[in-house]
1. So what are the radius of gyration and Dmax for the Cα set of chain B, in Å?
2. Which distances in nm, rounded to one decimal and ordered from shortest, link the label point of A:ALA56 to the equivalent label points in the other identical copies, with labels set 7 Å from Cα toward Cβ?
3. Could you quickly flag the chain B residue whose beta carbon comes closest to the rotation axis taking B to A, and that distance in whole angstrom?
4. A drop of at least 10 square angstrom in accessible area, chain alone versus all protein chains together, probe 1.4 Å. Which residues of the stretch A:128-157 meet that?
5. Tell me which of A:SER16, A:MET33, A:TYR90 sits at the most positive position along the dipole axis of the stretch A:1-101, charges placed on C-beta atoms (Lys, Arg +1; Asp, Glu -1).
6. Each label point is 7 Å from the Cα along the Cα-to-Cβ direction; what then is the distance between the points at B:SER171 and A:LEU109, in nm?
7. Where does chain A land at 222 nm, in deg cm²/dmol rounded to the nearest 500, when only DSSP H runs of n ≥ 4 count, each adding -39500 (n - 2.57), divided by all residues?
8. Which distances, in nm and shortest first, link the B:GLU98 label point to the same label point in every other copy, taking 7 Å along Cα→Cβ?
2 protein chains.
Amino acid sequence: MITERTVDTFLDDLASGAPTPGGGSAAAVMGAMGAALVSMVCNVTIGKKGYEAADAEMKSVRTESESVRRRLTAMVAADVAAFDGLMAAYRLPKQSEEDKSRRAEAIELNLRAATESPLDCARACAEVIALAKRAAVCGYLGVISDAGVGVLAAHAALRSAALNVYINVPSLKDRTFASLATAEIEKLLDHSAAETEAVFALVRDKLGKP
Amino acid sequence: MITERTVDTFLDDLASGAPTPGGGSAAAVMGAMGAALVSMVCNVTIGKKGYEAADAEMKSVRTESESVRRRLTAMVAADVAAFDGLMAAYRLPKQSEEDKSRRAEAIELNLRAATESPLDCARACAEVIALAKRAAVCGYLGVISDAGVGVLAAHAALRSAALNVYINVPSLKDRTFASLATAEIEKLLDHSAAETEAVFALVRDKLGKP
């Protein structure tokens, strides 16, 4: 599993000329970092003196942030698998008519998977953004900046995932699926941008204007 | 070294209630991911048929992106050290007048280090953004989305570092340093926002409108 590599090795692998891991895996790691920081805010706040009223809310947020973190961590490897599957399909033989038709079918199937993978990452990141907002509202002031970093990480991951949707969409034969995927990612982008800026502004206000 | 932990362990440590690693380390990792993705675009482009004209530029970008990646990777641990130093200063005895004065001096010194650390991270991320732009302009089209992910990661890291500057600035006694640090981070934020959006738009255009 790619997430069993050290951070140093992961960065080296990202920097290398090998096609994977690439931006898709980086996006999933960023999203998972966002979820982890939300969990951190909850963990610090739960049981904190003066924050008793936030206890139930922070526990509820933590359950969700840990669940979405697990999904995002699994996507780091899933993105590599989707990319490798697509490359394998492109390498299929294309001599006979039968070859060509089988290859085209395999490409379409794998393009669909390589579009669904970042789309799923973007959906998970949108959840992290909503959770970061709840953490920023109720969390312990001493770690409120971590809710801010969490929302920024999740938003960068969502936009990164969008780029990975855009790569594959033009090649899809199924234009209905292509349109649905594009419409969904656009909606996620629009909504998350405003929400992220609201959380960033809230955190910045709580830190006090310098 | 914290970056010798696995990605899974790093995420677990981030999520835990322990104060470090926190948002500062997450920011440095995001910045390093951005630099690594820029290097990847260079590595794939160098020697690519049809991209001979970009060779020298991509080699020059890679030298810089690898250098800034090393700096950012080192900051992951440096941020933990700065935070731990500050916490240790706050825990110093404060009984006698001499204690109090020694403690105040140690806090000021460590607050300054804890402000310079994210400021340095933000400077490095601004360099990554400029390098991602060059990679997006000249890089191989097949990995151009990775330049886009790189710029988003670096920008999220820069804004995260800014939050970590804002945390410490209000407590600084040296208001001249506080003003200089604030002015520099504001300038980095302003400039990087426009530059990031320009790179994102360029990458999106190159991917073709869906």
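1. Expressed in Å, the Cα Rg and Dmax of chain B come to 19.6, 73.
2. With the label placed 7 Å along Cα→Cβ, A:ALA56 yields 6.9 nm.
3. Output: B:ALA156, 2.
4. For the stretch A:128-157, once contacts with the other chains are taken into account, A:SER145, A:ASP146, A:VAL149, A:LEU152, A:ALA153, A:ALA156 lose 10 Å² or more.
5. A:MET33
6. 5.8 nm
7. Details: 6 runs with 168 residues, N = 210.
Mean residue ellipticity at 222 nm (helix-derived): -28500 deg cm²/dmol.
8. Distances between equivalent label points, in nm: 9.4.
The values are calculated or read from the model by the stated rules, or taken from the named source; none is laboratory data. From a predicted model like this one, the values you see are computed outputs, not experimental measurements. Using ideal geometry, Cβ is built from the backbone for each residue, glycine included, and neighbour counts are taken over all protein chains shown. Areas reflect the complete protein model, heavy atoms only, side chains present, ligands, DNA and RNA absent. Shrake-Rupley method; radii C 1.70, N 1.55, O 1.52, S 1.80 Å.
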